[in-house]
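Comments concern the structure below.
Each reported figure results from applying straightforward, stated rules to the coordinates on display, with no laboratory input. Bear in mind that the values here come from a model prediction, so they are computed numbers and not experimental data. Cβ: placed from backbone, ideal geometry, glycine included. Neighbour counts: every protein chain shown.
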Amino acid sequence: MLITDHAATIEACRFCFMCRHVCTLGVASGKESDTPRGKGLILFKILKGHADYGADLVDTLYRCCLCGLCETWCKAGCRPPAAVLAARADIVAQGKAPEQVRQIKERLVQTGNPFGLPPGERFQALEGPNVFRERAEVLYYAGCDTAYRQPRIAQALLKIFRAAEADFTLLAGERSTGKPLSLLGYPAEARAMAEDLAGQIRATRCRTLVTGCPSSFDAFTRDYPAMGLDLGGIEVLHAAQYLDRLLAEGRLAPLLSAATSATLLDGTYLGRTHGIFDPPRRVLGKLAGLDLREMTWTRELAYSAGEPGGVFQLLQPELSRQVAARVLEEAAKTGAAVLATTCPATKTALAEVEQASLEVLDVAEILAQTL
Ligand code: SF4
Ligand code: SF4
C-alpha cells in the first residue's frame, strides 16, 4: 500500500486539531471527516488493517480538493494532500474507484481532456493568423480548462503576444498534461499521457513554454522531472511570469486600466507550491488607474477555490460552489471591483457562484483590456 510511505503524516494528523479551522473542505462542509484529522483517523485504520476502503471512506478521500492549506499551516511538516493522493492510488489499484472517477479517467484517456469534448473543438475559439507554426521561440500551452471553458483567457494572451511581437505558436496536438489522472489516483496512465506530451513539446524545439494554467505549470516543473521526463532544457513560465517579463522589457505599453480596483487571489500551485506571488502583482501594479488591494488571507495562506487539476469541481460541484462562494466573500471585503485570478479552473469555479459581487477576470484579461 502506497499510504505506508505517509505513515508519519497519518499518525500525527489523527491526534491533531491544529489546522481543522483552515481546511478548505472542513470549513465548507462542517464535517470532521473532511478535515486532515478525520482523514488521519481513516487512513490509520486502513494502515493498521482495521478497515477496508468501503464506499463511505472512498467518498471522503475523493472529497479533499488538495488545496494544500493544511500543509502550509502545519508546523510539524505533515503532508495530508500527499497521503490522500497515495490513498487514491491504492483505491484505484484495488479496483474501488467510484464510477464518476472512472468516467473522468476514461474521458481523459479517450479525448485528452477531462470533459470528454472532441479534440477537434479544443482550439475552435482561437482564430487569427499564425496560431500553429512549425517553429517558434515561445510555445503557448493553453491547457484543457482554458481551451474548453475559458477561451477568453487564451484570446487575451494571444492579443498580448501579438502586441509584444512575440514569436509564438500553439501545439496543434495539445492534450492534457496528465495531471488530473495523477490527482484521481492513476499514476501509470498519467505517466503515459505525460510522456506523449513531453515528446511533442521537445519536438517543437521552442526555447520557452508559457502556460496560463498553474496545474499544468506544476506538471511541467515538478511532476515531469519527478517522472524522469525531460523537456529538452525548455524554460517553463507561468503566463504571469511571462507578462511580467514582457512589461519589464518594455515590449508592452499598457494604457489606462478598465478596472478601477482589484484584489488578487493566490492559488495552490502557483502560490503555495511555487511561491510565485509577486509577478502577477507587478503586472497589475503597472496598470495606470488600478487600485490593487490585498485580502486578509493572502499569498501562501490564501483561500482556495478548490482548483488543483480542475477535478474537485467535476467530482463535487455543490461543495465546489460553497468553497468558491467563500473566496468571493473574502475578496468582497476588500471593496475591490474585480477579483483577479491566475488560473482558468479557479475562474470557472468562481463563475458557478450566483450573484457574485465582484467581476472575476484573469490577470491576462485585465492586461489585454488595456492594450
Ligand atoms: S497537517 Fe499538521 S496541523 Fe494539520 S492535522 Fe496534520 S499534524 Fe495537525
Ligand atoms: S488539502 Fe485542503 S481540503 Fe484537503 S485536507 Fe488539506 S486543507 Fe483540507
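Odds and ends about this structure:
- Some residue of the range 71-93 being away from ligand 1 (no atom under 16 Å from the Cβ), more than 22 Å from residue 4 (Cα to Cα) and part of a helix (DSSP H, G or I): no
- Taking the range 33-57 as the range and being within 12 Å of ligand 1 (Cβ to nearest atom) and hydroxyl-bearing (Ser, Thr, Tyr) as the test, only 35 passes.
- Applying the criterion of being charged (D, E, K, R), touching a residue at least 24 places away in the same chain (Cβ under 8 Å) and outside any loop (DSSP other than H, G, I, E, B) to the residues of the range 279-314, the residue that is farthest from residue 260 (Cα to Cα) is 300.
- The single condition from (1) part of a helix (DSSP H, G or I); (2) more than 16 Å from ligand 2 (Cβ to nearest atom) that residue 52 fails is (1).
- Those strands (runs of 3 or more DSSP E) of the range 132-228 in which 1 or more residues are of a type in the set (Phe, Trp, Tyr) occupy 138-141, 168-170.
- Filter result for residue 264 (within 15 Å of residue 343 (Cα to Cα) and among the hydrophobic types (A, V, I, L, M, F, W, C)): yes
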